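Here the structure comes first, spelled out in structure tokens, and everything after it is commentary.
Where a number appears in this text, it was derived from the coordinates with a stated rule and is not lab data. Every value quoted in this text rests on a predicted model; they were computed, and no experiment measured them. Heads up, the Cβs are rebuilt from the backbone with ideal geometry, glycines too, and the neighbour counts pull from every protein chain shown.
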Amino acid sequence: MNAIIGRKLGMTQLFAEDGTLEAVTVIEAGPCPVVQVRQVEGRTRVQLGFERLKPKRAQKGRTGHAAKAGLDYTPRVLREFGAAQAPEGGVVTVAAFAAGDRVKVAGTTKGRGFQGVVHRHGIGGGPASHGNTRHRKPGSVGPGTDPSRVIKGKKMPGQMGAVARTQIGLTVAKVDAERNLLFVRGAVPGAVRGIVTVRKEGA
């Protein structure tokens, strides 16, 4: 299996073999039971689960879905991935990865709330001189004569962050199979304790 679900624990530092210091993100990944395997247009799709829900918080439909896979608990997170074949043993662990593997990590970025154009888009804003009242305002957003409307996609104030993003070109620095930890060089999207998915490049 070339993918796994995990939870971002934060960042730390590791020393490489040549003595250089590198920043890494620690991800608690798996074990992820296989909940479902299905064929879609001739391709194998594998659904994995991650963590456990308290029985009183689990929906009956999801509990029954997990029971069909032989699980005596309800996974908190379900994600589906493409795979060449279903993993053996019915569980995916960090042992499927090795140091040096190229991976891409997907997650939800930190939410920044409602922000203006200076913070959200990096616009320079207006003059900073005395008497000016448009220091951080967007300025004109659309001529009144032509086209007499605001063009779609115009950079405006609004909700910033809290969107799905995938960081590509990352490398696995270390795998700790005993503690289900992946150490990935560089930063990955999302806040600490956020859910992420790790896939090998090309998957």
| query | In whole Hz, what ³J(HN,Hα) sequence does region 93-108 give by Karplus (6.51, -1.76, 1.60; θ = phi - 60°), x for Gly and Pro? | reply | 10, 5, 5, 6, 10, 9, 4, x, 5, 8, 9, 10, 10, 10, x, 9
| Sequence ranges 139-145, 93-99, 119-125, ranked by mean other-Cβ count within 10 angstrom, highest first | 93-99, 119-125, 139-145
| message | Just to be sure I understand the model, the point goes 7 Å from the Cα along the line to the Cβ. What's the resulting Gln115 to Asp146 distance in nm? | response | 3.6 nm
| query | Given H placed on each backbone N at 1.01 Å, which residues far from Gly161 in sequence or on other chains put an amide H within less than 5 Å of it? | reply | Arg112
| note | Taking a ≥ b ≥ c as the square roots of the eigenvalues of the Cα gyration tensor, with a/c under 1.5 meaning rounded and otherwise prolate when a/b exceeds b/c and oblate if not, region 1-86 is oblate
| Reachable aspartates and glutamates from Lys60, criterion Cα separation under 15 angstrom, eight or more residues apart if same chain | Asp72
